[in-house]
Amino acid sequence: MNKKKNKSPYTKDNKKSLSQKEYTQLELFSEKIPEKNTYSRVDFDEISKLKQKLQAPKKSDQNSLNQQTIPQISGKALHKVEITSFFHDTRKENSYTDFKVHEVKGLKYIPEFITQSEHNYLIKQVDNQPWLSDLKRRVQHYGYKYNYKARAIDTSMHIGALPDWALDLAYKLYNANFIDSIPDQVIVNEYLPGQGISSHIDCVPCFSDTIISLSLGSACIMDFTNPSTDEKIPVLLEPKSIVLLKEDARYKWTHSIAARKTDKFQEKVITRERRISLTFRKVILANP
């Protein structure tokens, strides 16, 4: 008996846009320099209002971002799949509501990268697959396995094409100009309350110059630390958001999640629940 496939929620109707005035507001917010030890350089009360506008349906016009067509990707398609995917939102990078973390060169935080229905769909897809318990937390590997102890990756670790849901997200990230090559490796991490990840820099010889992580489930604080100065920048990662690491954020600053059950954000205590992260990377093979 054929197993019925879950219907994907990703449709063309999921595109959203902001007015020029709202973009200007966001640009001004992103330029604000925070006081020491604050979590963000934006006014989150105002951002919450703009998020509601992002989620609300808008009438399209000639200048709307919704009028853009799906671009063709030059070169070979990964695993011979078609370009058309669940994700049809192909806006360019500066069209997203993004906030540069000015204290860390190359670090960007982008809220509401996916919709709530997409978020729920992805959790269901992940939970339908087996988990590995190699670490203190549960993980899943797609595309390539990764040797945590040796911090190495090679052709023998290739485990097949990315599943459809992961490949669709990989194309969405590529089409948005967030990464120069289509990601071919995904690590899924599950964080239960009290779990975290130690301070680290993703393997430099293993992966390309861009690391992108999508958050599902609970919010949490990720700390970015400059090893040469011990400066620490906490960033709140909300569900449906992505964080991009390039340049110094990729190569000079470590990132970590403290193993605790609560986070303090803007004088409020956030109780952690189950969180899942999907980390997208492009593998570098010494002998492909």
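Limited to region 264-288, what total is found for residues that are modelled with pLDDT of 95 or more, of a type outside the set (Val, Ile, Thr) and either part of a loop (DSSP other than H, G, I, E, B) or over 15 Å from the mean Cα position of the chain (by Cα) (or both)? Qualifying residue count, region 264-288: 4. Of ILE233, ILE187, ILE221, all but one fail to be over 17 Å from the mean Cα position of the chain (by Cα) and surrounded by 15 or more Cβ atoms within 10 Å (Cβ to Cβ); the exception is ILE233. Here's a check for you: in region 122-148, which residue that is assigned to a loop (DSSP other than H, G, I, E, B) and among the hydrophobic types (A, V, I, L, M, F, W, C) is nearest to PHE207 (Cα to Cα)? Step by step, filter region 122-148, then rank; the result is LEU135. Is it the case that region 197-205 has a residue that's in a strand (DSSP E or B) and either farther than 20 Å from ARG151 by Cα or polar (S, T, N, Q) (or both)? Scanning region 197-205 turns up at least one residue that is in a strand (DSSP E or B) and either farther than 20 Å from ARG151 by Cα or polar (S, T, N, Q) (or both).
Among the residues of region 154-193, those that are in contact with a helix residue (DSSP H, G or I) (Cβ under 6 Å, 6 or more places away or on another chain) and either outside any loop (DSSP other than H, G, I, E, B) or closer than 23 Å to LYS124 by Cβ (or both) comprise ALA161, TRP165, PRO183, VAL186, VAL188.
Filter region 191-207 for residues that are over 21 Å from ASN226 (Cβ atoms) and crowded, with 19+ Cβ neighbours inside 10 Å and give the result. Can you show your working first?
Step one: list which residues in region 191-207 are over 21 Å from ASN226 (Cβ atoms), which gives 191-195, 205-206.
Listed by number, the residues that qualify are TYR191, GLN195, CYS206.
State whether the residues of region 198-209 include one that is under 26 Å from ILE110 (Cα atoms), among the polar types (S, T, N, Q), within 17 Å of the chain's Cα centre (by Cα) and at pLDDT 95 or above.
If we filter region 198-209 for residues that are under 26 Å from ILE110 (Cα atoms), which is where we start, we get 198-204, 206-209.
Adding the requirement that they be among the polar types (S, T, N, Q) leaves 198-199, 208.
Narrowing further to those that are within 17 Å of the chain's Cα centre (by Cα): 208.
The next check asks that each one be at pLDDT 95 or above; those that pass are 208.
Among the residues of region 198-209, at least one is under 26 Å from ILE110 (Cα atoms), among the polar types (S, T, N, Q), within 17 Å of the chain's Cα centre (by Cα) and at pLDDT 95 or above, which makes the answer yes.
Taking the criterion of being under 22 Å from ILE179 (Cα atoms) and among the polar types (S, T, N, Q), the residues of region 228-255 that qualify are SER241, THR254.
Can you find a residue that is without any contact (Cβ under 8 Å) to a residue 12 or more places away in the chain and of a type in the set (S, T, N, Q) anywhere in region 145-154?
Yes, region 145-154 has at least one match.
Just one of the numbered conditions (1) more than 23 Å from PHE113 (Cα to Cα); (2) out of contact with any Lys or Arg (no Cβ under 6 Å at 6 or more places or on another chain); (3) in contact (Cβ under 8 Å) with a residue 24 or more places away in the chain; (4) part of a loop (DSSP other than H, G, I, E, B) is not true of THR229: (3). Note on region 140-169: residues that are modelled with pLDDT under 95, of a type in the set (A, V, I, L, M) and buried (at least 16 other Cβ atoms within 10 Å of the Cβ) total 2. Condition check for PHE207 on (1) touching a strand residue (DSSP E or B) at 6+ places or on another chain (Cβ under 7 Å); (2) over 11 Å from PHE280 (Cα atoms); (3) not small (Gly, Ala, Ser): one failure, at (2).
For LYS261, are the conditions met, namely being surrounded by fewer than 21 Cβ atoms within 10 Å (Cβ to Cβ), in contact (Cβ under 8 Å) with a residue 24 or more places away in the chain and over 17 Å from the mean Cα position of the chain (by Cα)? Considered against the rule, which asks whether it is surrounded by fewer than 21 Cβ atoms within 10 Å (Cβ to Cβ), in contact (Cβ under 8 Å) with a residue 24 or more places away in the chain and over 17 Å from the mean Cα position of the chain (by Cα), LYS261 comes out as yes.
The values are calculated or read from the model by the stated rules, or taken from the named source; none is laboratory data. Being a predicted model, the structure only gives us computed values, none of them experimental. Here Cβ is always computed from backbone atoms with ideal geometry, including for glycine, and neighbour counts include all displayed protein chains.
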